[in-house]
Amino acid sequence: MMAKKRDSREKQEMIVFEAALRSAAPEVSMFAKNSVLNLDTIDHFKPPKGAGRKAALVLQELGFRVRHVGTYSVSGEGPRRLWEKVFHTQVEMRTQPRSKAHPDAGKISYWSHIANTPFRIPPALEPFVERAYPQLPPTFFESPLPPRVKYHHLRVPDDVAMVCRSHIVHQQGVTGKGVLVAMPDTGFYKHPFYLWHGYNYQATLSPDAIRVERDEYGHGTAEAANIFANAPDIDFIGVKMGGNATLAFKTASDLYPAVMTNSWGWDLPGAVLPNFLKPLEAAVIEAVRDRGIVVCFSAGNGHYGFPGQMPDVIAVGGVYAYEELSGWDFKMEASNYASSFDSQIYPGRHVPDVCGLVGMKPQAVYIMLPLEPGCTIDTALGGTGYPNKDETSKTDGWTVISGTSAASPQVAGVCALLKQVVPGLSPAVVKAILKASARDVKLGQSYQGQPAGEGHDGATGAGLVDGYAAYQLARSVAIRDLNTVPPPS
Amino acid sequence: MKAIQSAEITPAPGQSAQAARALQNMGFRVLHIGRTISVEGQQELWIRIFGVTFRIKKKVQSRETGTESLYYEARMETLKIPDDLKALITDVAFMEPPEFFA
């Protein structure tokens, strides 16, 4: 324990530095005011042959540890007191946020040269080293590109768009432009994935939530990428939930989005809706019937999902698409990770209506999605041991995950395409179009064991969403004003 | 774990604004007024005004990550709408956390 503490203290007292080598021509310095370093001029600053090695040996004799000898500088480290003694100078401890964009990610401390403090290169180093600088810590940016993993999985946006057949709709110029989609969830971290794709990805707080820039759990940030895969040009607003999910739903609904997607719920296998969920039930009905919002809910991953089982919403289940083709389409089967059931609360209501893409048991490790680095999901699923772990780092800001949480936003993305084509489509017509255009899935069974088969079936409802077929149907739907159409005689 | 409790309150028909005002005057924070009124308040306030009691419960947050969330479950047997509010509200529902279907 004592040794550990000492190590940590020593680590804190260390200075990492770069010692810049003198160039071969005495009058040339890369630090001179008018010096320009580029591909054409870099050779002018080259030190004489062997200077780096000589400088490294002197640094070592002085007590520093040399980590690398480069062409233009030597990288090393040493205790603060040694640094101050050798260079007759002083340093001070400074602190800065790890990330300016994400101030809540904590702070980092480092030793820095104090401006206008004397600094002298010792005579032994003078012939080789022109200057030496403590190195400031960089800011780490999680990559907008996902890591590579070796098992079959889908990437966003391209793979998901292709398998959902929305990429063909995008080629027709229909991308969800001008359609507002809202999503209440755990939070919406500004991952560079969203920035680099140029998505309009905004976040706001439910009135009882805090820290709009964070997604400590990681769920909302990850699942939102599924919407953009199918509708890249939507205007997206994520509503970060506090303790009251109903309030988050109402906050999103008050924005009057064209589409809402919800990847959460309660497991209600029985016939009674608990009283605490009645207000949410009312809010969902209001959103669909009074406000005309297309509301998608996940069916559940073995759950009897509510509000997914409400008749007014689009209940989204799961289908697994293999790598290989079977005829003209991908080989597909009902995901045994996704729910299907007959509601006991709403007689005659079967879940799901239609499906998105979901992996298989045990953990549905299937779609590579971005999230806040080191968040709960990143940590829980990261590490080796596929299919229970995703083989990505626990802190890299990427995870491979799915479930009906991924399927609902995929289908919501297709809904956004339809609303761009015919903005007046009612929620009921959107649902009818999705069901009429879905691809039949004939193999497999759902989590609850209901089988897939020819035509509409228990496991997948109407089948896997087909963005292009849905678009072809929707573009021909004419919204009629019932007041001007004579009633049937 | 914070001891602030959220609830959805169903107002009597046409009484939303009056109900919200009364709840606010009693010390609750009104967060949203729609078909139901979203409010939050310290547990002590709920206990004193509505006679409800709470107990800590655990719930799965997500089966995928195996994480659980803690919340206060309201024991509704003792809930009593105070006389001042009887004409304004018809029901009180305390929220439980949802599960995320990752």
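The values are calculated or read from the model by the stated rules, or taken from the named source; none is laboratory data. A quick note: this is a predicted structure, and the numbers were derived from the prediction, not measured. Counting neighbours? That spans all protein chains shown, and the Cβs are built from the backbone with ideal geometry, glycine included. When the accessible area is computed, the model is the full protein with side chains, heavy atoms only, and any ligands, DNA or RNA have been set aside. Shrake-Rupley method; radii C 1.70, N 1.55, O 1.52, S 1.80 Å.
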Toy charge model, Lys and Arg Cβ at +1, Asp and Glu Cβ at -1: the range A:199-284 dipole around Cα centroid in debye, rounded to 20, equals 180 debye
Hey, what did the range B:4-94 get for relative contact order, percent, Cα under 8 Å, at least 6 apart? 36 percent
As a test question: what accessible area, to the nearest 10 Å², does B:Arg21 have when a 1.4 Å probe is rolled over all protein chains in place? 140 Å²
Mean shadow area of the range A:281-345, taken as a quarter of the surface of its Cα convex hull (nm²): 5.7 nm²
Report, as an integer, the average count of C-beta atoms from other chains found within 10 Å of each Cβ along A:196-209. 1
The extension gain from A:Ala271 to A:Ile108, computed as 0.36 nm times the residue separation minus the Cα-Cα distance, is 53.3 nm
Note the full-extension length gain between A:Arg291 and A:Leu37 as 0.36 nm times their separation in residues minus their Cα-Cα distance, in nm to one decimal. 85.4 nm
Only four residue types carry charge here, +1 at the Cβ of Lys and Arg and -1 at the Cβ of Asp and Glu. Report the dipole size of the protein assembly as shown about the Cα centre in Debye, rounded to the nearest 20. 1660 debye
Length gained when the stretch A:Arg155-A:Ala436 is fully extended (0.36 nm per residue, less Cα-Cα span): 98.5 nm
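From the cross-link list A:Lys177/A:Lys419; A:Lys250/A:Lys278; A:Lys190/A:Lys250, which pairs have alpha carbons spaced over 19 Å apart? Each step should come with its number before you reach the end.
Working: A:Lys177/A:Lys419 10 Å; A:Lys250/A:Lys278 13 Å; A:Lys190/A:Lys250 23 Å.
Checking Cα-Cα distances, A:Lys190/A:Lys250 exceed 19 Å.
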Counting pairs on different chains as well as pairs 8 or more places apart, how many Lys pairs in chain B have Cα atoms under 24 Å apart? 5
Extending each Cα 7 Å along its Cβ direction at A:His197 and A:Gln96, get the distance between those two points in nm, one decimal. 3.1 nm
Given R₀ = 41 Å, FRET efficiency for B:Ala17-A:Ser476 by Cβ-Cβ distance, to 0.05? 0.35
Work out the length of the dipole vector of chain B about its Cα centre, built from +1 on the beta-carbon of each Lys and Arg and -1 on the beta-carbon of each Asp and Glu, and round it to the nearest 20 debye. 120 debye
Quick check: Cα centre of the range A:299-325 to Cα centre of the range B:1-57, how many Å? 34 Å
Springs between alpha-carbon atoms under 10 Å, Gaussian network over chain B: tell me which of B:Ser16, B:Ser38, B:Ser69 tops the mean-square fluctuations. B:Ser69
Give the peptides B:73-79, A:32-38 in descending order of average Cβ contacts within 10 Å, highest first. B:73-79, A:32-38
Based only on the alpha carbon positions, what is the Kirkwood hydrodynamic radius of chain A, in angstrom? 25.7 Å
Solvent-accessible surface (1.4 angstrom probe) belonging to B:Asp83, in square angstrom, nearest 10: 110 Å²
Taking max minus min of the Cα coordinates of the range B:4-94 on each principal axis, largest first, gives extents in Å of 44, 25, 20
Mind giving me the FRET efficiency for A:Tyr386 and B:Met26? R0 is 56 Å, r the Cβ-Cβ distance, nearest 0.05 is fine. 0.55
Taking all protein chains together and a probe of 1.4 Å, list A:Leu39, A:Leu277 from the most accessible to the least accessible. A:Leu39, A:Leu277
Crossing angle, helix A:427-437 versus chain A [Cα axis fit, 0-90 degrees, rounded to tens]: 90 degrees
Let's test the formula: R0 of 45 Å, r as the Cβ-Cβ distance of B:Leu70 and A:Lys49. What FRET efficiency results, to the nearest 0.05? 0.10
Name the residue farthest towards the positive end of the dipole of chain A from the options A:Thr404, A:Phe45, A:Leu145, assuming +1 on Cβ of Lys and Arg, -1 on Cβ of Asp and Glu, about the Cα centre. A:Phe45
Quick check on the protein assembly as shown: helices-only [θ] at 222 nm, where DSSP H runs of length 4 and up contribute -39,500 (n - 2.57) each and the sum goes over total residues. Nearest 500, please. -6500 deg cm²/dmol
Would you list which aspartates and glutamates come within 20 Å of A:Lys150, measuring only between C-alpha atoms, while excluding same-chain residues fewer than 8 positions from it? A:Asp158, A:Asp159, A:Glu323, A:Glu324, A:Asp378, A:Asp390, A:Glu391, A:Asp396
Taking both sides together, what accessible area is buried at the B/A interface, probe 1.4 Å, expressed in Å² and rounded to the nearest 100? 2900 Å²
Specify which residue in the list A:Phe306, A:Thr204, A:Phe236 is farthest towards the positive end of the charge dipole of chain A, using unit charges on the beta carbon of Lys, Arg (+1) and Asp, Glu (-1), about the Cα centre. A:Thr204
Computed over chain A: longest principal axis from alpha-carbon atoms vs helix A:219-230 long axis, angle to nearest 10 degrees, is 70 degrees
